[in-house]
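Comments concern the structure below.
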Amino acid sequence: MRHFVIIGSGPAGFYTAEALAKSFGGAARIDIIDKLPVPYGLIRFGVAPDHQSIKAVAKRYDKVADDPQVRFVGNVSVGEAVSVDELRGLYDAVILATGAPHDRALGIPGEDLPGVIGSAAFVGWYNGHPDFADLDPPLDGRHAVVIGNGNVALDVARILSKTRAEFAGSDIVGHAIDALDRSRIEKIAFLGRRGPHQIAMTPKELGELGHLAAAEPCVDPTDFPSLAEDEALDPGLRKSVAHLRAFAALSPTGDKPKAIIFDFFAKPLRIEGEGRAERVIVERTRLDGGRAVGTGETYAMPADLVVSCIGYSSPHIDGVPFDEAGGKYRNDHGQIDDGLYCVGWARRGPSGTIGTNRPDGYEVAEQVAGAMLPGSDGCKSGGEALDALLGQRGVKSTSFAEWRRIEAAETAAARPDSPREKYVRHHDWLKVLGH
Ligand code: NAP
């Protein structure tokens, strides 16, 4: 028998568990640890609440969790309840599937002012992550600035723009939909340090901005290179740029109360304000070999709320080598050290779709299997020893069956037009379980 532990129950963790279960047949036990009592990581707390079809992938993970070889062990914070070194002593392989939950810093003056929020925090707030339940983002001003031209920036701008009715069918948490309903924000400006050909927004998600009830996307037609240059783009990006060109041809009509403005060639220099964010000082850029270089021309952009959506970083873990520039663990094809691996964003950095994690997980599972003699047994005691250790430390973990009880309670508490009302605090989850 072999014993494996995966740290993190998001997509990367579940795909790796699925791959290990298949690869080892009945000859492995796989524990998936999560610091929260509830599973799914990015699916529950990252994917936008109005993108339920993407969230539905969790049903596939449920099948993995139902495999008798696999066990969900929630409410166990690695680094606090148990260390990675201890886990390495208990399991044949430890696989870090932590994702990248931390915001990368902008590194500009004023980023610590109230009203400047990283996307992990803002997304966590509207998705019901307990760490951000009390974020209370300032929505009392007219101007929001969203820094970055990726899909997370798109999510943030769309969520800031939607009406209450447009959230029907989503599982946006009650505190967020109520606050957004009271929001006075009218102008949402994307700051992209490069141009329309350098966006990291995918076509389906970008196209959604053209169908909002109360907001219209506004693009300056003079920002584009010649139409002929679109031909050289890869097909996905070409489609996204076609959306931008369509927005530019139509906008601005002023027919809708909110505007989503694409400000390209715009690099944030600093954020200013008296005790809170009031404006972003922006420098015009130009492209030089694909890189943004400042032109020296600056201007002030009003900003009552700034959300920086410039990428994420994995958490530092004692004794695990870290690649600061990439925001991930230093690894060779997923291997960090003997018996220590990483998958997903922890391995590659924060890029790719949910589906990218599947081949990634399978590849790392192959690495794990390749490091062991086929059919050989290990001498590690795995989950039994972990349970004993947690018991000694007074840590009460949650099982998948217990998650299902939480899920049933959240479903029962749902608003009429929502699949669930997520509980957003530890004690509410644990109350359902009588812990
Ligand atoms: P991303 O795709 O890497 O985009 C980050 C953006 O931030 C880029 O436009 C980048 O510009 C900009 N940026 C980086 N550093 C900056 C700085 N110092 N100042 C100004 N701008 C800066 O990251 P993301 O949006 O966080 O998304 C992460 C991953 O999740 C991506 O793979 C994304 O596709 C995926 N995702 C997918 C969905 C979906 O499919 N629905 C939803 C959300 C996220 P440069 O290009 O100039 O560096």
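The values are calculated or read from the model by the stated rules, or taken from the named source; none is laboratory data. The model shown is predicted, which means the values in this text are computed figures rather than measured ones. Ideal geometry is used to build each Cβ from the backbone, glycine not excepted, and the neighbour counts take in all protein chains shown. Side chains included, ligands, DNA and RNA excluded: accessible areas come from the protein's heavy atoms. Shrake-Rupley method; radii C 1.70, N 1.55, O 1.52, S 1.80 Å.
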Could you work out how far apart the two model spin labels at Ala325 and His175 are, taking each label as a point 7 Å from the Cα in the direction of the beta carbon, and quote it in nm?
-> 3.9
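Ordered by packing density, taken as the mean number of other Cβ atoms within 10 Å over each peptide's residues, highest first, how do 13-20, 349-356, 417-424 rank? Let's see the in-between values first.
On the way: 13-20: 28.5, 349-356: 15.8, 417-424: 19.4.
Per-residue Cβ counts within 10 Å, averaged per peptide and sorted highest first, yield 13-20, 417-424, 349-356.
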Which cross-chain or sequence-distant (5 or more) residues have an amide H under 5 Å from the amide H of Ile32, H modelled 1.01 Å from N in plane?
-> Ile6, Arg71, Phe72, Val73
Around Ala413, which amide H atoms from residues at least 5 apart in sequence, or from another chain, sit under 5 Å from its own amide H, with H modelled in the peptide plane?
-> Glu421
For the range 8-139, the spread of Cα positions along each principal axis, largest first, Å | 54, 36, 22
So, with a 1.4 angstrom probe, what is the percent of accessible area on the chain that is carbon and sulfur?
-> 52
Whole-Hz couplings from phi, Karplus 6.51/-1.76/1.60, listed for the range 2-13; x for Gly and Pro = 10, 10, 10, 10, 10, 9, x, 10, x, x, 4, x
Mind checking which of Ala371, Ala65, Ala385 has the largest fluctuation in a GNM of the chain, springs on alpha carbons under 10 Å?
-> Ala371
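Would you mind getting me the FRET efficiency between Ala388 and Ser83? Use the beta-carbon distance for r and R0 = 22 Å, nearest 0.05.
On the way: r = 16 Å, r/R0 = 0.71.
Working from the Cβ atoms, E equals 0.90.
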Which residue, Asp387, Asp234, Asp62, tops the fluctuation ranking in a GNM of the chain built on C-alpha contacts under 10 Å?
-> Asp234
When the Karplus curve 6.51 cos²θ - 1.76 cosθ + 1.60 is applied with θ = phi - 60°, which whole-Hz ³J(HN,Hα) does each residue of the range 341-348 get, with x for Gly and Pro?
-> 10, 9, 9, x, 4, 5, 8, 9
Report the charge-dipole magnitude of the chain in Debye, nearest 20, computed about the Cα centre from +1 at each Lys and Arg Cβ and -1 at each Asp and Glu Cβ.
-> 560
Give the peptides 190-202, 249-261 in descending order of average Cβ contacts within 10 Å, highest first.
-> 190-202, 249-261
By the Kirkwood definition, with r running over pairs of different Cα atoms, the range 246-362 has a hydrodynamic radius in Å of 18.3
So the pair-distance distribution of the range 260-301, from every Cα-Cα distance in 5 Å bins, comes to percents of 6, 23, 25, 21, 14, 7, 3, 1
Descending principal axes extents, the chain, alpha-carbon based, whole Å = 67, 48, 38
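Give me the dipole magnitude in Debye, nearest 20, for the range 105-308 about the Cα centre, with unit charges on the beta carbon: positive for Lys and Arg, negative for Asp and Glu. Write out the running numbers ahead of the final one.
Details: 22 positive and 30 negative charges, 73 e Å.
Dipole about the Cα centre, nearest 20: 360 debye.
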Amide H to amide H under 5 Å from Tyr312: which residues, 5+ apart in sequence or cross-chain, H placed 1.01 Å off N in plane?
-> Arg104
Average accessible surface area per residue within the chain, 1.4 Å rolling probe, Å² | 43
Two-site label geometry, Leu233 and Ile108: point separation in nm, points 7 Å out along Cα→Cβ | 2.4
Among Tyr61, Val73, Pro114 - extreme Cα towards positive end, dipole of the range 1-116, charges at beta-carbon | Tyr61
On a 0 to 90 degree scale, rounded to 10, what angle separates helix 235-250 from the longest Cα axis of the chain?
-> 30
Global geometry of the range 1-68, whether rounded, prolate or oblate, following the gyration tensor of its Cα atoms and the 1.5 cut on a/c = prolate
Mind checking which of Ala325, Ala157, Ala277 has the largest fluctuation in a GNM of the chain, springs on alpha carbons under 10 Å?
-> Ala325
Calculate the translational D of the range 320-408 in whole µm² s⁻¹ from Stokes-Einstein, where the hydrodynamic radius comes from the Kirkwood formula applied to all Cα pairs, the temperature is 25 °C and the viscosity 0.890 mPa s.
-> 154
Arg286 and Ser226 label points (each 7 Å along its Cα→Cβ direction) are spaced in nm at 1.8
For the range 193-293, which GluC sites (Glu not before Pro) are both in a DSSP coil and crowded by at most 10 other Cβ atoms within 10 Å?
-> Glu274
Once phi is turned into ³J(HN,Hα) by the Karplus curve 6.51 cos²θ - 1.76 cosθ + 1.60 with θ = phi - 60°, what whole-Hz value does each residue of the range 167-174 show in order, with x for glycine and proline?
-> 8, 4, x, 8, 10, 4, 6, x
So for Lys328, Lys204, what's the accessible-area order with a 1.4 Å probe, most first?
-> Lys204, Lys328
Calculated log₁₀ intensity ratio I(q)/I(0) where the Debye formula runs over C-alpha points of the range 105-308, q = 0.08, 0.14, 0.17 Å⁻¹ | -0.26, -0.82, -1.21
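Only four residue types carry charge here, +1 at the Cβ of Lys and Arg and -1 at the Cβ of Asp and Glu. Report the dipole size of the range 122-206 about the Cα centre in Debye, rounded to the nearest 20. Before the final figure, lay out each step's value.
On the way: 10 positive and 11 negative charges, 105 e Å.
For the range 122-206, the charge dipole is close to 500 debye.
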Can you give the calculated 222 nm mean residue ellipticity of the chain, where each DSSP H run of n ≥ 4 adds -39,500 (n - 2.57) and the sum is split over every residue, rounded to the nearest 500 deg cm²/dmol?
-> -9000 deg cm²/dmol
